[in-house]
1. For an R0 of 25 angstrom, estimate the FRET efficiency from the Cβ-Cβ distance between R70 and A97 and round to the nearest 0.05.
2. In deg cm²/dmol, rounded to 500, what helix-only [θ] at 222 nm does the chain give when every DSSP H run of at least 4 residues adds -39500 (n - 2.57) and the total is split over its residues?
3. Lys/Arg Cβ at +1, Asp/Glu Cβ at -1, dipole of the chain taken about the Cα centre: which of A100, A36, A53 is farthest positive-ward?
4. What does the extension gain come out to for T43 and K104, with contour length at 0.36 nm per residue minus their alpha carbon separation?
5. Would you order E67, E102 from fewest to most other beta-carbon atoms within 10 Å of each residue's own beta-carbon?
6. Indicate, rounded to the nearest 5 percent, the antiparallel portion of the DSSP beta bridges found entirely in the chain.
7. For H68, H23, what's the fewest-to-most ordering of other Cβ within 10 Å of each Cβ?
8. Placing unit charges on C-beta atoms (Lys and Arg positive, Asp and Glu negative, everything else neutral), compute the dipole magnitude of segment 22-88 about its Cα centre in debye, rounded to 20.
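Every number here is computed from the coordinates shown, using simple stated rules; none is lab data. Predicted, not measured: the structure shown is a model, and the values here were computed from it. Backbone-built Cβ (ideal geometry, glycine too); neighbour counts: all protein chains shown.
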Amino acid sequence: MRLFRKKAATGDSRRADLADRDHLKEWAETRVGVEAYLEPQTTVTEPTVMLIAHDGEWTRRRVPSHEHARSLMGKLGVPVYDVALTGYPQRKRDYDARRAAERKQGR
C-alpha cells in the first residue's frame, strides 16, 4: 500500500503527494516534542495533518487519509491526536500570537 500518491496531473485538484510526505518526515525529525493533529477533510481539501513542535512552531500538509498519517507518524514515533476531539494546544496559539506581534513590530 502506497502512503502517498504522486502529484496529480496539471488541472486536477491538489492532492497529497510525495513532497508532502517528505516535508512532514523532515519537519518531524528536525524538531523537538512534535505532536500530530489530524484535521478533517473539507469540501476544498483532502484531510490534513498539522505537526506542532514543543515551542508551538507548526506546519500543515495534506495527507491521503488519516490512516496514512497515523501510519507515517507511528513510524516516526510522533503522537497523533484528532483536533476535533482535543483542539489545538495552547503553545500553538501562543506561537501564532508571538509571530503576529513580531510582524506588527516589523512594519
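1. So the FRET efficiency works out to roughly 0.25.
2. The per-residue figure over the chain is -12500 deg cm²/dmol.
3. The one lying farthest along the dipole's positive direction is A100.
4. Additional length available on full extension: 18.7 nm.
5. E102, E67
6. Of all bridge pairs located within the chain, approximately 75 percent are antiparallel.
7. H23, H68
8. Here segment 22-88 has a charge dipole of around 100 debye.
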